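Written below as structure tokens is the structure these notes are about.
The values are calculated or read from the model by the stated rules, or taken from the named source; none is laboratory data. This one's a predicted model, so the numbers in the text were calculated from it and none came from an experiment. Virtual Cβ from ideal backbone geometry, glycine too; neighbours counted across all protein chains shown. All accessible areas refer to the heavy atoms of the entire protein, side chains included, with ligands and DNA or RNA removed. Shrake-Rupley method; radii C 1.70, N 1.55, O 1.52, S 1.80 Å.
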Amino acid sequence: MKLAVLGGGGVRVPAFIRGVLSRPAVFDRICLFEPDALRRETIGRLAAELAAPLGQPGVVTVTPDVAEAFTGADFVFSAIRVGGDSGRVIDEDVALRRGLVGQETTGPGGCAMALRTIPVVLSYCDLLARYAPGAVLINFTNPAGLITQAISQHARVRAVGVCDTPSGTIGRLAQFLGAGRGQVGFSYSGLNHLGWFSSVTVGGEERIGTLLARYEELQRFDHRFAPFDPGLVRMIGAVPTEYLYYFYEPQRYVDAVARAGASRGVSVRRLNADLMAGIAKAFETGDVHDAWSAYSALMGIRHDSYMRADTDGDTMPEPGAGPVARAPLTPAGAGAHGYERIALQVIEGLTGRRTAKVIINTRNGGTLGFLDPDDVVETPAHVYSDGIAPLAAGALPRSVQGLITRVKEYEREVVNAAVSGDAELAALALALHPLVPGVTVAKEMMSEYRERHGPHLAYLR
């Protein structure tokens, strides 16, 4: 089978490729599509050269030709960032200067990112339908649920969205409860970056009450639970995933970023520049092992600082000035983790290798009865060779249903604005978002986004 990667020069791609190649061979061809020459020669090269030490030499190639990448593909993994890191900085800055949440996938920043991205993704879907009409697109491009909704409604390809947030959350909940991952059952529902666990069982015994009662302990156990007020969580009666922080504590977020002195986007842009330079230097003086070590060190900083500025006002630490310790490519227990594990579970299910139960972004059907059947939701589903079957969602509190309903209405209208190219509709869609205080501010921000993003939003008229 052939896998194509759309956005093959993205910073997370080498980790993704390592995860894929560390599993029993699924693909005999992996082609990374990356139009940017510098990214092909650094990140793309690293991802491609990982194949040999992982025992699959020649499996991974890199190309600037989308037809070459797509032709013959069985699956396409999409992880692009239209406008790059500088686009993210603009997204966040426009909101933060107004005292609003400036996170890249949520609120105004997520709206601007979606508007830049939807037309580009749909154009790639047209090409995919031409070069590999039977391929399945696995979307990780953010905002993942919103982009998957646009593909579902306006493209001629099969698509499923993936995100590692809910999977990572249930893994940590299992560890807190002293249970193995296979012992834990759960009920989860919502939208991407807007989801709640309403049930967690161990060996068939309901433990959500334990999690709520011991929530302060859970907060000390893992920082992703720390931002939430325990009383609020107990009142809701469900455990939120970390991105609900931006909805429940918007002022705390704005204050924390002010203390940090820079948004997450500014810090990540600096780190990614160091990462590119570090990989290039490692290849000049060493080999793929040295490049992987430089990459691992900088990605470790990125991982360890995740959400720290947003919640605690912490600054991202500077990379060490000394030599980087060599990170082994094949440590004990190496394998697929995070979103690559989810993507592989979807692929294994759809190819009939193994039925998978995985949390994905897919068509609602009747999963959440208060939303439209064609809406894309984030839900557990069984993935079979003949399709995807979303599982019934547990009961959600009315406050949760109300928030989901409002955000989904915003998402629908953002897709409509992107497809129609209507600038006024884009501003009105943004005004629907719970984190935006009205139409006037939404119109001001949309005008600034259009000006600062230039050609990426020039289609809006």
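Would you confirm, using the coordinates I've provided, whether residue 49 is open to solvent by 30 Å² or more (accessible area, probe 1.4 Å), touching a residue at least 12 places away in the same chain (Cβ under 8 Å), more than 22 Å from residue 127 (Cβ to Cβ) and acidic (Asp, Glu)?
Yes: the conditions hold for residue 49.
Taking interchain pairs and intrachain pairs at least six residues apart, which have beta carbon atoms under 8 angstrom, with the first residue in the stretch 404-415 and under 14 Å from residue 114 (Cα atoms) and the second open to solvent by 50 Å² or more (accessible area, probe 1.4 Å)?
410/432; 413/428; 413/432; 415/153; 415/154
Within the group 444, 411, which residue is under 22 Å from residue 243 (Cα atoms) and either modelled with pLDDT under 95 or not basic (Lys, Arg) (or both)?
On inspection, the qualifying residue turns out to be 411.
Would you be able to tell me the number of residues in the stretch 319-340 that are under 27 Å from residue 219 (Cα atoms) and either in a loop (DSSP other than H, G, I, E, B) or modelled with pLDDT of 90 or more (or both)?
2
Name the residue that is nearest to residue 153 (Cα to Cα), counting only residues in the stretch 373-398 that are loosely packed, with under 14 Cβ neighbours inside 10 Å and at pLDDT 95 or above.
My answer is 374.
In the stretch 184-193, how many residues are surrounded by 24 or more Cβ atoms within 10 Å (Cβ to Cβ), assigned to a strand (DSSP E or B) and on the phi < 0 side of the Ramachandran plot?
Of the residues in that region, 3 qualify.
Output the residues belonging to the stretch 1-44 that are modelled with pLDDT of 95 or more, surrounded by fewer than 21 Cβ atoms within 10 Å (Cβ to Cβ), under 25 Å from residue 281 (Cα atoms) and not aliphatic (A, V, I, L, M).
35, 36, 40, 41 - these are the residues of the stretch 1-44 that are modelled with pLDDT of 95 or more, surrounded by fewer than 21 Cβ atoms within 10 Å (Cβ to Cβ), under 25 Å from residue 281 (Cα atoms) and not aliphatic (A, V, I, L, M).
So which residues in the stretch 225-237 are open to solvent by less than 70 Å² (accessible area, probe 1.4 Å), touching a residue at least 12 places away in the same chain (Cβ under 8 Å), in a helix (DSSP H, G or I) and over 14 Å from residue 175 (Cα atoms)?
Those that are open to solvent by less than 70 Å² (accessible area, probe 1.4 Å), touching a residue at least 12 places away in the same chain (Cβ under 8 Å), in a helix (DSSP H, G or I) and over 14 Å from residue 175 (Cα atoms): 230, 232, 233, 236.
Give the stretch 389-418 a look and list any residue that's of a type in the set (Gly, Ala, Ser) and part of a loop (DSSP other than H, G, I, E, B), or say none.
Scanning the stretch 389-418 gives 392, 393, 394, 395.
Among the residues that make up the stretch 250-259, is at least one of them under 24 Å from residue 406 (Cα atoms), among the charged types (D, E, K, R) and surrounded by 19 or more Cβ atoms within 10 Å (Cβ to Cβ)?
No, there is no match, as no residue in the stretch 250-259 is under 24 Å from residue 406 (Cα atoms), among the charged types (D, E, K, R) and surrounded by 19 or more Cβ atoms within 10 Å (Cβ to Cβ).
Is it true that residue 159 is open to solvent by 10 Å² or more (accessible area, probe 1.4 Å), touching a strand residue (DSSP E or B) at 6+ places or on another chain (Cβ under 8 Å) and not in a loop (DSSP other than H, G, I, E, B)?
Spelling it out, residue 159 is indeed open to solvent by 10 Å² or more (accessible area, probe 1.4 Å), touching a strand residue (DSSP E or B) at 6+ places or on another chain (Cβ under 8 Å) and not in a loop (DSSP other than H, G, I, E, B).
Testing residue 145 on (1) touching a Leu at 6+ places or on another chain (Cβ under 8 Å); (2) closer than 30 Å to residue 235 by Cβ; (3) in contact (Cβ under 8 Å) with a residue 40 or more places away in the chain; (4) open to solvent by 20 Å² or more (accessible area, probe 1.4 Å), one condition comes back false. Which one is that?
Among (1) touching a Leu at 6+ places or on another chain (Cβ under 8 Å); (2) closer than 30 Å to residue 235 by Cβ; (3) in contact (Cβ under 8 Å) with a residue 40 or more places away in the chain; (4) open to solvent by 20 Å² or more (accessible area, probe 1.4 Å), residue 145 violates only (4).
What single numbered condition from (1) within 17 Å of residue 451 (Cα to Cα); (2) crowded, with 19+ Cβ neighbours inside 10 Å; (3) of a type outside the set (D, E, K, R) fails to hold for residue 101?
For residue 101, the failing item is (1).
Any residue in the stretch 294-321 that's at positive phi: show its pairings with residues that are open to solvent by less than 20 Å² (accessible area, probe 1.4 Å) at Cβ separation under 8 Å, as long as the two are six or more apart or on different chains.
Close Cβ pairs (under 8 Å, with a partner that is open to solvent by less than 20 Å² (accessible area, probe 1.4 Å)) amount to 307/227; 307/242; 307/245; 313/256; 313/257; 313/260.
Select from the stretch 194-224 the residues that are in contact with a Leu (Cβ under 9 Å, 6 or more places away or on another chain), in a strand (DSSP E or B), free of Cβ contacts under 8 Å to residues at least 60 places away in the same chain and open to solvent by 20 Å² or more (accessible area, probe 1.4 Å) and list them in ascending order.
202
Show the residue pairs meeting these rules: Cβ distance below 6 Å; 6+ apart or different chains; first residue within the stretch 336-350 and closer than 13 Å to residue 167 by Cα; second residue open to solvent by less than 20 Å² (accessible area, probe 1.4 Å) and at pLDDT below 80.
Close Cβ pairs satisfying both conditions: 345/356.
Tally time: how many residues in the stretch 362-371 are without any contact (Cβ under 8 Å) to a residue 40 or more places away in the chain and closer than 18 Å to residue 159 by Cα?
2
Mind counting the residues in the stretch 349-372 that are β-branched (Val, Ile, Thr), crowded, with 20+ Cβ neighbours inside 10 Å and part of a loop (DSSP other than H, G, I, E, B)?
1
State all residues of the stretch 423-443 that are part of a loop (DSSP other than H, G, I, E, B), touching a helix residue (DSSP H, G or I) at 6+ places or on another chain (Cβ under 8 Å) and either in contact (Cβ under 8 Å) with a residue 40 or more places away in the chain or open to solvent by 50 Å² or more (accessible area, probe 1.4 Å) (or both); if no residue qualifies, say none.
432, 433, 434, 435, 436
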